[in-house]
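The values are calculated or read from the model by the stated rules, or taken from the named source; none is laboratory data. Because the structure is a prediction, the values reported are computed rather than measured. Cβ: placed from backbone, ideal geometry, glycine included. Neighbour counts: every protein chain shown.
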Amino acid sequence: METIHALRLKPGQDLKSALQEFVNLANIQAGWIISAIGSLTHYTLRFANRQNCNEAEGFFEIISLSGTLSVHGSHIHIAISDRNGALIGGHLMEGCCIYTTAEVILGESHDLIFTRENQWDTWRELQIIKR
């Protein structure tokens, strides 16, 4: 069994924090991002195999948002474009501030539970449990 959730995040909200807050309030055990569009005034991203984050101020369009969501931990990636259409993407971190809106559609499974298990010093891999 699955449930679909539709969210509209508002100006000034932190994208990652707002998504995790919704997941926690709805007690989503196994969720995923189906679709997302919107805009940001600030981004904070972590690129592959780096520990430090990159940040920038400006106006950015959300081109893609994907990931797994759970009260046990979420893993989300984002692709954004700047005012010239240049694309950048990476691991979504706190500090991505909504400009006008973010319209996000989430799916939720009631048959699965997503957890995270430490596999590396700084990495927690997805574990999928059938209910």
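State whether the residues of region 88-96 include one that is acidic (D, E) and part of a strand (DSSP E or B).
Going through region 88-96, the residues acidic (D, E) turn out to be 94.
Of the ones still in play, those that are also part of a strand (DSSP E or B) are none.
Looking through region 88-96, none of the residues is acidic (D, E) and part of a strand (DSSP E or B).
When the residues of region 82-131 are narrowed to those that are in contact (Cβ under 8 Å) with a residue 12 or more places away in the chain and of a type in the set (D, E), which ends up surrounded by the most Cβ atoms within 10 Å (Cβ to Cβ)?
Of the residues in region 82-131, the ones in contact (Cβ under 8 Å) with a residue 12 or more places away in the chain are 82-83, 87-116, 122, 124, 126-131.
With of a type in the set (D, E) added as a condition, the list becomes 82, 94, 103, 108, 111.
Working: D82: 14, E94: 12, E103: 13, E108: 20, D111: 11.
Of everything passing the filter in region 82-131, E108 is surrounded by the most Cβ atoms within 10 Å (Cβ to Cβ).
Here is a list: I88, I98. Which entry is closer than 29 Å to S109 by Cβ, among the hydrophobic types (A, V, I, L, M, F, W, C) and touching a strand residue (DSSP E or B) at 6+ places or on another chain (Cβ under 9 Å)?
Working: I88 fails: closer than 29 Å to S109 by Cβ.
When all the criteria are applied, what remains is I98.
Of these, A36, A6, which one is surrounded by 17 or more Cβ atoms within 10 Å (Cβ to Cβ), farther than 15 Å from F114 by Cβ and at pLDDT 95 or above?
Working: A6 fails: surrounded by 17 or more Cβ atoms within 10 Å (Cβ to Cβ).
Criteria check complete, one pass: A36.
Can you pull out every residue in region 43-72 that is assigned to a loop (DSSP other than H, G, I, E, B) and crowded, with 16+ Cβ neighbours inside 10 Å?
Pass one, region 43-72, residues assigned to a loop (DSSP other than H, G, I, E, B): 47-52, 70-72.
Within region 43-72, S70, V71, H72 qualify.
Residue under question is A26, and the condition is that it be buried (at least 18 other Cβ atoms within 10 Å of the Cβ) and within 18 Å of A6 (Cα to Cα); does it hold? Explain how you work it out, then say what you get.
Values: buried (at least 18 other Cβ atoms within 10 Å of the Cβ): no; within 18 Å of A6 (Cα to Cα): yes.
So A26 does not fit the description; no.
Residue by residue through region 1-18, note down the ones that are in contact with a strand residue (DSSP E or B) (Cβ under 7 Å, 6 or more places away or on another chain) and closer than 20 Å to E94 by Cβ. Quick ask: steps written out before the conclusion?
Quick first cut of region 1-18, residues in contact with a strand residue (DSSP E or B) (Cβ under 7 Å, 6 or more places away or on another chain) only: 2-16, 18.
Residues satisfying the conditions are L7, R8, L9, K10, P11, G12, Q13, D14, L15, K16, A18.
Condition first: part of a strand (DSSP E or B) and either within 15 Å of H77 (Cβ to Cβ) or among the aliphatic types (A, V, I, L, M) (or both). Now tell me which residues in region 1-30 satisfy that. First the steps, then the outcome.
Of region 1-30, the ones part of a strand (DSSP E or B) are 2-9, 14.
The answer is I4, A6, L7, L9.
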